[in-house]
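Written below as structure tokens is the structure these notes are about.
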Amino acid sequence: PRSALISGNRGSRLANVAPLMRNSAATAILACRTSRPDFTDADDTGLMSAASLLALFPPGSALDTDGTLMVGGCRLDLVAAEFGTPAIVVGEDALRAQARAYLDAFRTRWARSEIAFASKSFPCTAVQRVMVEEGLHLDVAGGGEILSALKAGADPARLVLHGNAKTDEELGIAAEHG
């Protein structure tokens, strides 16, 4: 089943593709854009075509029958109504595909490559869980990131703790979990 990872000012959750979204006031920040939009098709008023606008969003994004933007199968107007705006919506299928493509690209050239997702770039347990499920290590910089990575199901042996200035508590968390 397709799903989207959603976070807004009224909460976060992994949403199954169902009745989500309808208000263009929703601000969507989307991960894993794989193509560049073609802005050459703007009309006389400067408006771009729907195809050009959709190129800004993850693969699989579409317009519903009434023209409402859908990401990860979720209507953005319904996401805005449930989670508030701004909201972050990540198409899970696109995120997984991007993680696999990145790992495959490295392993094609260097077979023993291991890739670590920088948790700080998107400190979200649901995103960390996807990265773990796709075979990536998780790069963590402190206690909070270690705990969220463990909550996401990461194997402690696949966490990369980096950086200086660690507190005794953070070092203790790292040592306790391996």
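The values are calculated or read from the model by the stated rules, or taken from the named source; none is laboratory data. Since the structure is predicted, the reported quantities are computational estimates derived from the model, not experimental observations. Note: ideal-geometry Cβ built from the backbone for every residue, glycine included; neighbour counts use all protein chains shown. Each accessible area value is taken on the protein alone, full model and side chains, heavy atoms only, with ligands, DNA and RNA left out. Shrake-Rupley method; radii C 1.70, N 1.55, O 1.52, S 1.80 Å.
Quickly run through the stretch 72-90 and pick out the residues that are open to solvent by less than 50 Å² (accessible area, probe 1.4 Å) and either more than 20 Å from ALA126 (Cβ to Cβ) or polar (S, T, N, Q) (or both).
Our first condition is that a residue be open to solvent by less than 50 Å² (accessible area, probe 1.4 Å); within the stretch 72-90, this holds for 72-77, 79-80, 83-84, 87, 89-90.
The one that is open to solvent by less than 50 Å² (accessible area, probe 1.4 Å) and either more than 20 Å from ALA126 (Cβ to Cβ) or polar (S, T, N, Q) (or both): ASP77.
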### Task
Determine which member of the set ASP93, ASP139 is of a type in the set (D, E, K, R), open to solvent by less than 60 Å² (accessible area, probe 1.4 Å) and in contact with a strand residue (DSSP E or B) (Cβ under 9 Å, 6 or more places away or on another chain).
ASP139
### Query
In the stretch 118-125, is there at least one residue being modelled with pLDDT of 90 or more and aromatic (Phe, Trp, Tyr)?
no
### Query
Hey, does the stretch 167-174 have a residue that's touching a strand residue (DSSP E or B) at 6+ places or on another chain (Cβ under 9 Å), in a loop (DSSP other than H, G, I, E, B) and among the aliphatic types (A, V, I, L, M)?
no
### Task
Kindly indicate the residue of the stretch 50-71 that is open to solvent by less than 40 Å² (accessible area, probe 1.4 Å) and modelled with pLDDT under 85 and also farthest from the chain's Cα centre (by Cα) among those meeting that condition.
SER52
### Task
Could you pull out every one of the strands (runs of 3 or more DSSP E) wholly within the stretch 46-137 that has 2 or more residues that are free of Cβ contacts under 8 Å to residues at least 40 places away in the same chain?
116-118
